[in-house]
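Okay, structure first, notes after.
The values are calculated or read from the model by the stated rules, or taken from the named source; none is laboratory data. Predicted, not measured: the structure shown is a model, and the values here were computed from it. Here the Cβ positions follow ideal geometry from the backbone for every residue, glycine too, while neighbour counts run over all protein chains shown. Calculation scope for accessible area: heavy atoms of the full protein, side chains included, ligands and nucleic acids excluded. Shrake-Rupley method; radii C 1.70, N 1.55, O 1.52, S 1.80 Å.
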Amino acid sequence: MREEIVNAAVDRFHTHGYNAAGIKDIAEAAGVPKGSVYNHFESKEALALVVLELYGETRRLGELSDRSVEPLVRLRRHFEFLRDEQEQYGFTRGCLLGNFGAEVADHSMALRGKIHEGFDQWSHALAGALRDAVMTGDVDSTVDPDTTAIFLLSSWEGALVAARSSRSAKPFDAFFSSVFDRLLVPGLREPA
């Protein structure tokens, strides 16, 4: 029953947002009595913390550290997975971390902490792949992996908002073009 509640909450929170997804709606979607939710979670906030943890596990961050794949290929595949997921949902869901960050981070210390933790893990995973790209010479050595990871994450979240508002992949196209054709390129070598 707990698993059904969590799965229903993931869908409701992602589709409707934290404030619009009520415990009653989540219980109905899970096919359980409303009181059952409170048997497993002391509050809506406690349920949301579990949902954010589960969401983070579905982001495929481990693939960013797979050294059997070239670093830039890992990075591109990661963002392609995220883009394809958004297209599958018709550009209606966005990123649960970003959605919660915009909606409730100012109102819940616990959720703000979990959102920060999620973005921090994501940023570290991106930075690891960027570090590998700098070491292999695939990316200019002047690129700072930690700063660039934060920039990529912020740019991606902005592209998500723009894609949702336009119901279009155009912002993703701009992201891929700017990041992979202009930013993450090898350094210029001096002629011999």
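Computed from backbone phi with θ = phi - 60° and the Karplus coefficients 6.51, -1.76 and 1.60, the 3J(HN,Hα) list for the range 165-170 is 6, 9, 6, 8, 7, 3 Hz; x is used for glycine and proline.
Accessible area per residue (1.4 Å probe, heavy atoms of protein chains only) ranks H14, H107, H116 as H107, H116, H14, with the largest value leading. At an R0 of 22 angstrom, the distance between the Cβ atoms of H16 and H40 translates into a FRET efficiency of 0.60. Using 0.36 nm per residue and subtracting the Cα-Cα separation, the extra length available between K24 and V185 on full extension is 52.9 nm. Per the Debye calculation on the chain with a single equal scatterer at every Cα and no solvent contribution, log₁₀ I(q)/I(0) for q = 0.14, 0.18 Å⁻¹ amounts to -0.83, -1.19. Put a dot 7 Å past the Cα of K170, heading toward its Cβ, do the same for R67, and the two dots end up 4.3 nm apart.
Near the amide H of V139, within less than 5 Å, lie the amide hydrogens of V134, all on another chain or at least 5 residues away, with H placed in the peptide plane. Taken one residue at a time, the phi angles of the range 81-88 give Karplus couplings (6.51, -1.76, 1.60, θ = phi - 60°) of 4, 5, 4, 4, 4, 5, 5, 4 Hz. Gly and Pro are set to x. Heads up, I need the accessible area for M1: 1.4 angstrom probe, whole protein in place, Å², nearest 10. Its accessible surface works out to 110 Å², give or take rounding. Put V6, V134 in order of accessible area, highest first, and with a 1.4 Å probe you get V134, V6.
Taking every lysine pair in the chain that is 8 or more places apart or spans two chains, those with Cα atoms closer than 15 Å amount to 4.
With one equal scatterer per alpha carbon and no solvent term, the Debye-computed log10 I(q)/I(0) for the range 1-114 at 0.09, 0.12, 0.20 1/Å reads -0.28, -0.49, -1.07.
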